[in-house]
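Asks: Would you mind keeping the following structure in view while I ask a few things?
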Amino acid sequence: MKDKEMRKKRLPQGAVIAILAAVLVMSIIGSVVLGRYPIGFRELCGIVGSRFMDIEPFWKPVQESLLLNHRLPRILLACLVGCCLSAAGAAYQ
């Protein structure tokens, strides 16, 4: 009886995945924007957008270098390590 009650209280699987994806994106943006040398959200969008479109730079070259050479590789590596650890944990079970 308790199992049926617990199933009624659970969120749908799609909603859980959407919430987790939103948390991941927010944490990525937060880790890019926050730091010793701040990079604003506008600058972040401009720097990333300049790689795909022709945008005239309005940010400092130091911000671009910091984002592309230090913060993004570190964030992507952290995401990959997290994915590998979760896959290893699932395989271990």
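Asks: Only sites in a loop by DSSP and with at most 10 other Cβ atoms within 10 Å count here; which trypsin sites (Lys or Arg not before Pro) in the chain make the cut?
Replies: ARG10, ARG36, ARG51
Asks: Something else: Projected onto the charge dipole of the chain (+1 at Lys/Arg Cβ, -1 at Asp/Glu Cβ, origin at the Cα centre), which of SER31, ILE17, PHE41 gives the Cα projection farthest towards the positive end?
Replies: Comparing the listed Cα positions along the dipole, ILE17 ranks first.
Asks: How many Å² of accessible area per residue for the chain, probe 1.4 Å?
Replies: On a per-residue basis, the chain sits at 84 Å².
Asks: While we're here: Testing the spin-label approximation: label points 7 Å from Cα along Cα→Cβ at GLU64 and ALA90. State their distance in nm.
Replies: A separation of 3.9 nm, rounded to one decimal place.
Asks: Given a Förster distance of 22 Å, report the FRET efficiency between ALA78 and LEU34 from their Cβ-Cβ distance, rounded to the nearest 0.05.
Replies: 0.95
Asks: From largest accessible area down, sort CYS84, CYS79; use a 1.4 Å probe on the protein chains.
Replies: CYS84, CYS79
Asks: Run through the stretch 38-75 and list the chymotrypsin sites (Phe, Trp or Tyr not before Pro) located in a DSSP loop whose Cβ has at most 13 other Cβ atoms within 10 Å.
Replies: PHE52, PHE58
Asks: Given a 1.4 angstrom probe, I'd like the percentage of the accessible area of the stretch 28-93 that is carbon and sulfur, rounded to a whole number.
Replies: Carbon and sulfur atoms account for 67 percent of the accessible area of the stretch 28-93.
Asks: Return the label of the correct value of Rg and Dmax of the Cα atoms in Å, as calculated from the structure shown, out of (1) 12.3, 34; (2) 14.7, 47; (3) 18.9, 63.
Replies: Evaluating Rg and Dmax of the Cα atoms in Å on these atoms matches (3).
Asks: Right, something else. For the chain, what is the mean residue ellipticity at 222 nm derived from helices alone (per DSSP H run of n ≥ 4: -39500 (n - 2.57); sum divided by total residues; nearest 500 deg cm²/dmol)?
Replies: -22500 deg cm²/dmol
The values are calculated or read from the model by the stated rules, or taken from the named source; none is laboratory data. In this text, all values refer to a predicted model and were calculated from it rather than measured experimentally. When we count neighbours, we look across all protein chains shown, and the Cβ atoms used for this are built from the backbone with ideal geometry, even at glycine. Note: accessible area is taken over every heavy atom of the protein model, side chains too, but ligands, DNA and RNA are not part of it. Shrake-Rupley method; radii C 1.70, N 1.55, O 1.52, S 1.80 Å.
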